[in-house]
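K.L.:
Let me give you the structure first, and then I'll get to my questions.
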Amino acid sequence: DLPPLGEVMIGIGIDHGTDAGTQVATLTAVSRTGGIEGNPRIWVLDQAISDGLTTPEQDARDIIAMLKRNGLILESVDRWVGDRKHGGKRWGGRKSNALLQQGFERELRLPIGALPFRIRTAWKPAGSVFEGSRILHAAMLRGDFFIHSRCKQLIDDLSHWTGDDDEHKHGIDALRYSAVELVTTKLYVPQTLRMHG
């Protein structure tokens, strides 16, 4: 439960969904050189998980609350990465990065286009799930992966996911989108983080 200290980059990964537990935002911190033998070190700080069909405004509100309980603000986040569009299974419950950005604007009462960040769409070429899982697993084996005890659902997902498209994949997808982006991005500009966990 000890928070990261020193120079890290902060990321939020978002997996879109309309059923309970399928709209997940994961907050991570990454130090590219602070781990064993100079390897990346990854902290999973928190998650915001829907308990059913939510609006973009509700999703934005949940993410803002997650940041707040970790002593962070929107401007603390270096990378926002979300999944591709989700078509919604019922009641027109579409989800996308663009709709979530609009939800943030409405929640924060900002003019259209005034949001100070953009949610990038996750790059998902063939083999990206395997490669992202490999990066995370290597950090775990080295002892460079830490997950806060409040992330009970993700701990359960990591313990039971078999690599299939099942109910355990949503939290892991959100984790991959944020952590792997921070580990692999060429533009690495860490900020000094002092959190109260």
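K.L.:
Please verify whether region 37-56 includes one or more residues that are within 19 Å of E105 (Cα to Cα) and touching a residue at least 40 places away in the same chain (Cβ under 8 Å).
P.N.:
Looking for residues that are within 19 Å of E105 (Cα to Cα) and touching a residue at least 40 places away in the same chain (Cβ under 8 Å), one finds at least one in region 37-56, hence yes.
K.L.:
I'd like to know if region 119-127 contains one or more residues that are at pLDDT below 90, under 22 Å from P40 (Cβ atoms) and open to solvent by 60 Å² or more (accessible area, probe 1.4 Å).
P.N.:
Yes, the conditions are met somewhere in region 119-127.
K.L.:
Further question: Scan region 169-187 residue by residue and report those that are open to solvent by 60 Å² or more (accessible area, probe 1.4 Å) and either touching a Leu at 6+ places or on another chain (Cβ under 8 Å) or at pLDDT 75 or above (or both).
P.N.:
T184 - this is the single residue of region 169-187 that is open to solvent by 60 Å² or more (accessible area, probe 1.4 Å) and either touching a Leu at 6+ places or on another chain (Cβ under 8 Å) or at pLDDT 75 or above (or both).
K.L.:
Which one is farthest from T22 (Cα to Cα) among residues in region 144-168 that are assigned to a loop (DSSP other than H, G, I, E, B) and open to solvent by 40 Å² or more (accessible area, probe 1.4 Å)?
P.N.:
The qualifying residue farthest from T22 (Cα to Cα) is S149.
K.L.:
Which residue, of R61, R79, is within 25 Å of V183 (Cβ to Cβ), surrounded by 12 or more Cβ atoms within 10 Å (Cβ to Cβ), touching a residue at least 40 places away in the same chain (Cβ under 8 Å) and among the charged types (D, E, K, R)?
P.N.:
R79
The values are calculated or read from the model by the stated rules, or taken from the named source; none is laboratory data. Just so we're clear, the structure is a prediction, and the values are computed from it rather than from any experiment. Heads up, the Cβs are rebuilt from the backbone with ideal geometry, glycines too, and the neighbour counts pull from every protein chain shown. Surface areas here come from the heavy atoms of the whole protein model, side chains and all, with no ligands, DNA or RNA. Shrake-Rupley method; radii C 1.70, N 1.55, O 1.52, S 1.80 Å.
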